[in-house]
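Peer 1: Okay, handing you the structure first.
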Amino acid sequence: MNLWPQKKWKQVLLVLVLAILVVIASMAVLLAYANSAVNKDVASGIEIMNPGGNKTALVIYQPGLTSLPKDTSYAFANGLAASGWRVEITTASSQAPSDLSKYSLLVLGFPTYNNSPGTAIVRYVDRAGDLHGINTAIISIGASSRRKA
């Protein structure tokens with residue numbers, strides 16, 4: 001049984017179909033890796049900025065595929081600290097503080113994928129439960145494609 005076609009156009013077609021299948025399989029593997037990488041909890045310690053600040057803010061961020069969510073959350077936290085706030089910053093994980101009673105401000109920084117927040121930040125907000133009216137800032141990091149109308 002000969003699986004390799006004898007005609008040239010059939011050989012080209014077979015190679016093209018095989019190449020397309022390899023590309024699709026590679027994209028599926030990369031997508032599965034990216035999905036698992038951005039949806040897992042990443043535990044980190046709590047970093048304190050400006051310990052002598054007069055009000056306390058909690059900054060919770062979810063890392064993304066790039067450093068942009070972390071960098072943006074830290075920039076926001078640095079701005080708060082420079083304005084006299086005590087800032088506690090950490091990642092969205094099961095180890096992040098969920099009792100928000102000692103905070104005057106909650107900042108949530110996260111990437112968006114498929115027009116939805118990352119699942120780690122959603123799990124964190126679910127664990128925190130009722131925010132009891134705490135002031136909250138949202139830093140949503142996402143990419144979009146522009147479509148011409």
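Where a number appears in this text, it was derived from the coordinates with a stated rule and is not lab data. Nothing here was measured: the structure is a model prediction, and the numbers come from that model. All Cβ positions, even for glycine, are placed from backbone atoms using ideal geometry, and neighbour counts span all protein chains on display.
Peer 1: What dipole magnitude, in Debye to the nearest 20, does the chain give about its Cα centre under +1 on Lys/Arg Cβ and -1 on Asp/Glu Cβ?
Peer 2: Dipole size: approximately 920 debye.
Peer 1: I would also like to ask the following. May I ask you to derive the FRET efficiency for Ser140 and Ile46 from their Cβ-Cβ distance with R0 = 22 Å, giving the value to the nearest 0.05?
Peer 2: That pair, Ser140 with Ile46, gives E of 0.45.
Peer 1: Does anyone have the angle between helix 68-82 and the longest principal axis of the chain? Alpha-carbon axes, 0 to 90°, nearest 10?
Peer 2: 10
Peer 1: Return the ratio Rg/(2.2 N^0.38 Å) for the stretch 47-141, where Rg is computed over Cα atoms only.
Peer 2: Normalised Rg, Cα atoms only: 1.01.
Peer 1: Same structure again: If one takes the longest principal axis of the Cα atoms in the chain, at what angle in degrees, from 0 to 90 and to the nearest 10, does the Cα axis of helix 8-39 lie?
Peer 2: Roughly 10 degrees, rounded to the nearest 10.
Peer 1: Could you give me the ³J(HN,Hα) list for the stretch 113-122, computed from phi with Karplus coefficients 6.51, -1.76, 1.60 and θ = phi - 60°, whole Hz, x at Gly and Pro?
Peer 2: Here the 3J(HN,Hα) series is 10, 6, 6, 10, x, x, 5, 5, 6, 5 Hz.
Peer 1: If packing is taken as the average number of other Cβ atoms within 10 Å across a peptide's residues, how do 117-124, 134-141 rank, most packed first?
Peer 2: 117-124, 134-141
Peer 1: Next question, about the same structure. If contacts are Cα pairs under 8 angstrom and at least 6 residues apart, what is the relative contact order of the chain in percent?
Peer 2: Taking the mean separation of contacting Cα pairs over the length of the chain, I get 24 percent.
Peer 1: Sort 75-81, 6-12 by the packing proxy (mean of other Cβ within 10 Å over each peptide's residues), most packed first.
Peer 2: 75-81, 6-12
Peer 1: Please give me the summed charge of the neighbours of Ile89: other residues whose Cβ is under 13 Å from its Cβ, Lys and Arg +1, Asp and Glu -1.
Peer 2: -1
Peer 1: Taking the dipole about the Cα centre of the chain, with the C-beta of Lys and Arg at +1 and of Asp and Glu at -1, give me whichever of Met49, Thr112, Val29 is farthest to the positive side.
Peer 2: Farthest towards the positive pole: Val29.
Peer 1: Give me, ordered by chain and number, the residues 5 or more places off Tyr61 or on other chains with an amide H under 5 Å from its own placed amide H.
Peer 2: Thr90, Thr91, Ala92, Gly109
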